[in-house]
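Values quoted throughout were computed directly from the atomic coordinates according to the rules given, and no laboratory measurement underlies them. The structure presented is a predicted model; accordingly, all values stated were derived computationally and were not measured. Virtual Cβ from ideal backbone geometry, glycine too; neighbours counted across all protein chains shown.
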Amino acid sequence: MEQYTTTSKFKSNTQSVITIGTFDGVHIGHRTIVERLVATAKEEGLVSVLLTFFPHPRMVLQKNSDIKLINTLAEKKQRLEDIGLDYFVVEPFTYEFSRLSALEYVRDILVDQLKAKKIIIGYDHRFGRNRNANIQDLKKYGKEYGFEVEEISAQQLGEVAVSSTKIRTALAKGDISTANKYLGYAFTLTGTVIKGKALGRTISYPTANIQVAETYKLIPRKGVYIVQAQINNTLTFGITSIGTNPTVGGTSKTIETFFLDTQTDLYGMSLQLHFLKHIREEATFKNLETLKKAIQKDEAFARDYIQSLA
């Protein structure tokens, strides 16, 4: 799969079948649409193109928006590549871009730059300045510019919308099981291991402090989770704590992971944490010894759970 950071750089000698949207999470509802896109492209001898926008339009047009996204762009790319998409095109969303008329958007972006031969889009899709054009307008442009429009039904789109809402709600509650059910894979956090306060070492539970660079990334509710990661090409399980370390008077939110059965130096390493299960809520303990006993219980729970996966 090839990625382009703007439609103006897109290059293909073949006409395309396109879908457009945020596709945050690339969850099971999204997969249905993208799989349809990929299959249609193969059937009709076209290339499959997914056009998305970044930053999220709400981040640009609603200055007070606090929207958090399920995927970073890199995570989204990884999921789309797994489905078999040919081209992932990310158009920078700016106020100026939002002022394009419907005609300019269709003619200049979809037809001239992305070489649209077919567009697969939702029945309620709106586009152009102030989102004043709808799918009927798109079909009229299709007759004028020589592309077909395939309409995604209300039922299909409803499933997509419900899934997105349920995933965000579940993650806000720490309900990893429900989030993963709708994602169709384990929710992922990607970050770099940085130096922390090394308090875990004092109680024989050294942790990797994961820093997520993207401030727009949705972080699950504070608590303790079972996770999985690839470390030096080895599948490794761990226990991740998201919180402020209240037992030692912490105030800043951290993401700290104790990896089971590995002593590898992780500083500076980029890791993907795949969240498997919620263990418990964050808690304040009266001292470090009590905290250590709680972590020992977490470890026992985690090892039993991991054994059940075998």
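Of all aspartates and glutamates in the structure, those lying under 18 Å Cα to Cα from K42, and not within fewer than 8 positions of it along the same chain, are E2, E81, D82, D86, E148, E150. Take the cross-link list K63/K117; K77/K222; K9/K166; K195/K222 and give me the ones stretching past 30 Å between alpha-carbons. With Cα atoms farther than 30 Å apart: K63/K117; K9/K166. Take every Cα pair under 8 Å whose residues are at least 6 apart in sequence, average their separation, divide by the length of the chain, and the relative contact order is 16 percent. Given R0 = 25 Å, the distance between the Cβ atoms of K195 and Q230 translates into a calculated FRET efficiency of 0.70. Roughly what % of DSSP beta bridges within segment 1-117 run antiparallel, to the nearest 5? Rounded to the nearest five, the antiparallel share is 0 percent. Seen against the Cα atoms of the chain and their longest principal axis, helix 73-83 is set at about 70 degrees. For T72, neighbours were defined as the other residues whose beta-carbon sits under 12 Å from its Cβ, and their charges (Lys and Arg +1, Asp and Glu -1) total +2.
The distance between label points at N132 and N13 comes to 4.2 nm (points 7 Å beyond Cα on the Cα→Cβ vector).
Per-residue ellipticity at 222 nm computed for the chain from its helices equals -10000 deg cm²/dmol, with DSSP H segments shorter than 4 residues left out and the rest contributing -39,500 (n - 2.57). Percent antiparallel among DSSP beta bridges with both residues in the chain, to the nearest 5? Roughly 55 percent of the beta bridges in the chain run antiparallel, per DSSP.
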